[in-house]
Amino acid sequence: MIVEEAPAKLNLALHVRARRADGYHELETLFAFVDFGDTVRVAPAAQASLIITGPFGAALSDEGDNLVTRAATRFRERFGGGEYAIELEKHLPVASGIGGGSADAAATLRALARLHGIALDDPALFGIADALGSDVPVCLLGRTAIGRGRGEQLEPVPGRPGTPALLVNPGVAVSTAEVFRRWDGVDRGELGSNPLEGRNDLEAPAITVAPVIAEVLHILSEQCGAMLSRMSGSGATCFALFDTEVERGAAHIALRRTGWWSVATTLR
Ligand code: C5P
């Protein structure tokens, strides 16, 4: 059996530059990963199966439309091979802007590549990732990178490993397509040389879908002593970065009172 971690992805900044004719949006984003996520276990089997466990397992369909199943199907179409029993242990909230489904699909592709002796940087693997969703290629890469295009054109950059981080989700699932639809079409400029001084242009449209996101951002920025707080992706998960673990710990305790889902972790 192969065990693959599927760490959560953050958009440390996300600049939406233009709406494209194909319905997607042109982005400039700084992707990073944290030491917290789902786990995917894959073993050869006589019959294909997917079981979903973990705290957020019940929120997810185990039917053929699951991204894990779609990743396995695409892999078999391209590389051949038999059937697999897959277990997905879900720790990340679903539809929450931290790339849970994309991370799971990428972890499945990595596990199958290992089982078949295929290099993890095989362009065909990235082709499958790209077809599965805009965030799947960066999850396959699994390291800090600037994303352009739909988010699939990747340029690895140095990260800030070990930076204390807090993830907070107020328990509302948000549709990525809906948030992009509500973007006002105003290009607020490029990512620049220090993306941490940038923005997430999807915060305002996401707040119109789920107003509680404004509350999360307010608490993280006003009461938590964070060096940076922002929404990730299309929301609703927000994150805060801290200079020290002590500051993160104090913020985590303060946030527990809200009843929102929160996790103390670090950047990879
Ligand atoms: O690529 P993915 O399937 O994850 O995207 C989900 C939806 O989010 C797309 O159908 C599109 O409406 C929106 N999207 C977008 N621009 C991007 C990425 C996603 O408009 N760069």
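The values are calculated or read from the model by the stated rules, or taken from the named source; none is laboratory data. Note that the coordinates shown come from a computational prediction; the quantities given were computed from them, not determined experimentally. So basically every Cβ, Gly included, is an ideal-geometry build from the backbone, and we count neighbours across all protein chains shown.
Values computed for the structure shown
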| item | result |
| --- | --- |
| Test: residue in the range 5-24 that is under 21 Å from residue 67 (Cα atoms), in contact (Cβ under 8 Å) with a residue 40 or more places away in the chain and out of contact with any strand residue (DSSP E or B) (no Cβ under 8 Å at 6 or more places or on another chain) | yes |
| Within the range 205-231, tally of residues that are touching a helix residue (DSSP H, G or I) at 6+ places or on another chain (Cβ under 7 Å) and assigned to a loop (DSSP other than H, G, I, E, B) | 3 |
| The one condition in (1) in a loop (DSSP other than H, G, I, E, B); (2) touching a helix residue (DSSP H, G or I) at 6+ places or on another chain (Cβ under 8 Å) that residue 193 fails to fulfil | (2) |
| Residue satisfying all of: in the range 175-187; more than 18 Å from residue 149 (Cβ to Cβ) and in a loop (DSSP other than H, G, I, E, B); farthest from the ligand (Cβ to nearest atom) among these | 186 |
| Answer from 132, 115, 141 - the residue that is away from the ligand (no atom under 14 Å from the Cβ), at pLDDT 95 or above and under 26 Å from residue 235 (Cβ atoms) | 141 |
| Considering residues of the range 192-205 that are in contact (Cβ under 8 Å) with a residue 60 or more places away in the chain and within 14 Å of the ligand (Cβ to nearest atom) only, the residue surrounded by the most Cβ atoms within 10 Å (Cβ to Cβ) | 202 |
| Every residue from the range 158-179 that is touching a Pro at 6+ places or on another chain (Cβ under 9 Å) and surrounded by fewer than 22 Cβ atoms within 10 Å (Cβ to Cβ) | 171, 173, 178 |
| Counted residues, the range 9-60 - those being within 15 Å of the ligand (Cβ to nearest atom) and assigned to a strand (DSSP E or B) | 16 |
| Residues (of a type in the set (A, V, I, L, M) and either surrounded by 18 or more Cβ atoms within 10 Å (Cβ to Cβ) or in contact with a Cys (Cβ under 8 Å, 6 or more places away or on another chain) (or both)) located in the range 211-236 | 213, 216, 217, 219, 220, 226, 231, 236 |
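Residue-wise test of (1) touching a residue at least 24 places away in the same chain (Cβ under 8 Å); (2) among the β-branched types (Val, Ile, Thr); (3) under 14 Å from residue 11 (Cβ atoms).
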site: 123; (1), (2), (3): no, no, no
site: 130; (1), (2), (3): no, no, no
site: 148; (1), (2), (3): yes, no, yes
site: 163; (1), (2), (3): yes, yes, no
site: 166; (1), (2), (3): yes, no, no
site: 177; (1), (2), (3): no, no, no
site: 180; (1), (2), (3): yes, no, yes
site: 185; (1), (2), (3): yes, no, no
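Residues are listed down the side, and each one gets a yes or a no for (1) in contact with a strand residue (DSSP E or B) (Cβ under 7 Å, 6 or more places away or on another chain); (2) more than 19 Å from residue 49 (Cβ to Cβ):
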residue: 92; (1), (2): yes, yes
residue: 107; (1), (2): yes, no
residue: 121; (1), (2): no, yes
residue: 124; (1), (2): no, yes
residue: 127; (1), (2): no, yes
